[in-house]
1. Residue 36 passes all but one of (1) touching a helix residue (DSSP H, G or I) at 6+ places or on another chain (Cβ under 6 Å); (2) aromatic (Phe, Trp, Tyr); (3) open to solvent by 70 Å² or more (accessible area, probe 1.4 Å); which number fails?
2. Under the condition of being part of a helix (DSSP H, G or I) and of a type in the set (D, E, K, R), which residue from the stretch 176-199 is least open to solvent (accessible area, probe 1.4 Å)?
3. Within the stretch 370-414, which residues are in contact with a helix residue (DSSP H, G or I) (Cβ under 7 Å, 6 or more places away or on another chain), modelled with pLDDT of 95 or more and not charged (D, E, K, R)?
4. Scan 203, 130, 163 and give me the residue that is surrounded by 18 or more Cβ atoms within 10 Å (Cβ to Cβ) and outside any helix (DSSP H, G or I).
5. Given the criteria assigned to a helix (DSSP H, G or I) and either more than 23 Å from residue 171 (Cβ to Cβ) or modelled with pLDDT under 95 (or both), does residue 230 qualify?
6. Name, by its number, the condition in (1) without any contact (Cβ under 8 Å) to a residue 40 or more places away in the chain; (2) under 30 Å from residue 403 (Cβ atoms); (3) among the hydroxyl-bearing types (Ser, Thr, Tyr) that does not hold for residue 289.
7. Are any residues in the stretch 383-399 more than 10 Å from residue 361 (Cα to Cα), open to solvent by 80 Å² or more (accessible area, probe 1.4 Å) and either part of a strand (DSSP E or B) or touching a Pro at 6+ places or on another chain (Cβ under 9 Å) (or both), and if so, which ones?
8. Looking at (1) open to solvent by less than 40 Å² (accessible area, probe 1.4 Å); (2) over 17 Å from residue 402 (Cβ atoms); (3) under 31 Å from the mean Cα position of the chain (by Cα), which is the only condition residue 348 fails?
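The values are calculated or read from the model by the stated rules, or taken from the named source; none is laboratory data. Here the structure is a predicted model, which means the values were calculated and not measured. Neighbour counts run over all protein chains shown; Cβ positions are idealised from the backbone, glycine included. Remember, those area values only see protein heavy atoms, side chains included, never the ligands or the DNA or RNA. Shrake-Rupley method; radii C 1.70, N 1.55, O 1.52, S 1.80 Å.
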Amino acid sequence: MRYRTWICAAGVSGLLLLAGCAGNRAAMTGTPEMPYPPSVPPQAEEILHLPTGLRLSVDGMIEMLSGARLVSIGETHDNLNDQRVELTVLRELHRRFPGKIAVGMEMFREPQQEVLDRWVKGELGEIEFLKASKWNETWGYDFGAYRDLLLFAKENRIDVIALNPSKEMQEAVRRTGLDNVPEDLRRTLPEIGETDPWQRDVLRGIFGGHAGHGGGDESFDSFLRVQLLWEETMAQKVVEYLKGPRGEGKRMVTITGGWHVKYGFGLPKKVVRRLPMAYAILLPEEISTPDQKEGRLMEADLPEVPLLPAHFAWYVPFESIEEKRVRMGIRMEEKDGRLLVESVAKGSPAEKAGIAKGDELVALDGQPVKETVDVQFRVGEKRDGDTAQVTVRRDGEEKILDLTFFKMPKTKSR
């Protein structure tokens, strides 16, 4: 038997990056996935222990999570409440086990580990960290969603471990397969275990749901290889850390897309294959309206898996950072060491301030801006109604323009 469920809409190569979306299937009787279906629909902020059907407080859940060495949280990347859940778990576990918690993040790749270590040691400010970690190129989701968690890790000297493989490794595996990885990359290729049959079936459904027609076998095989590479690399990094001197006696909280941990056949199983340990899976489950799903989620034909999806489901409403942040309303390009305005959105704060296409951005509130990230970071600190002085160079002359931020109407997805 198969069932329809909602999954996040994204490009095939990054399909699981938004994974973690809540299913909408209402269980009328107990199933392997939901042995104790709630008698009434769960409400926002309720926490359900799926193996028993019991509702728990945050403290009750944390008490149970404290028995696990690996706590895997599967998020929807564009829901701020998922990141709030992650910070809550990290903070509460740190309070119980100070100095004995680490966090592994899918948002960073192996080559960025040195940058993460410098961040935790306090050697980098935020904008330096964003540039050094190449946040926008590597992850792309708004840094503001993860800012509080990363600041908490920095303030409390909690190790942050990069879980994802390098882009070079990912591209080589996607293009040529696991057996034909170039020699210079082969030494970092993780051990790839036998594919879990339930995971293969689920991924086939996700891939088919995105492609609309299921895609060809060759395309699916490439997609599957990348997913396995991601999870095997994540598992290897978790185990290497916990077995090493930095991880001695510690617990690890991992933060990934939901489909990397749901049902346990992804990251958790691949960790346990390498190093048996007690683990727990927590899924923030989204409660959202059809309008909030539009353009974000799509239906996919998935198998009915005879496994619990998680140990804990924390029901949360949808809250997008896109609805909270403000924008200048410009597109920028870096050219010949200058930051130029490529276009200005009609009716935007930038247009109202008099910023024009072709202007060179020089400073924002007196702080020099030379790269796109300089502007994004400083605008990210602004809220509705805040003002800024924007220095531009036009026809060789510098002008200071007064800009007032406001929330721009959301563009409708097609």
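1. That leaves (1) as the condition not met.
2. Across the stretch 176-199, the extreme among qualifying residues is 186.
3. 390, 401, 403, 404, 405
4. Numbers: 203 fails: outside any helix (DSSP H, G or I); 130 fails: outside any helix (DSSP H, G or I).
Checking each option against the conditions leaves just 163.
5. Working: assigned to a helix (DSSP H, G or I): yes; either more than 23 Å from residue 171 (Cβ to Cβ) or modelled with pLDDT under 95 (or both): no.
No, not satisfied.
6. Failing condition for residue 289: (2).
7. Selection gives 387, 389, 397.
8. (2) is the only condition that residue 348 fails.
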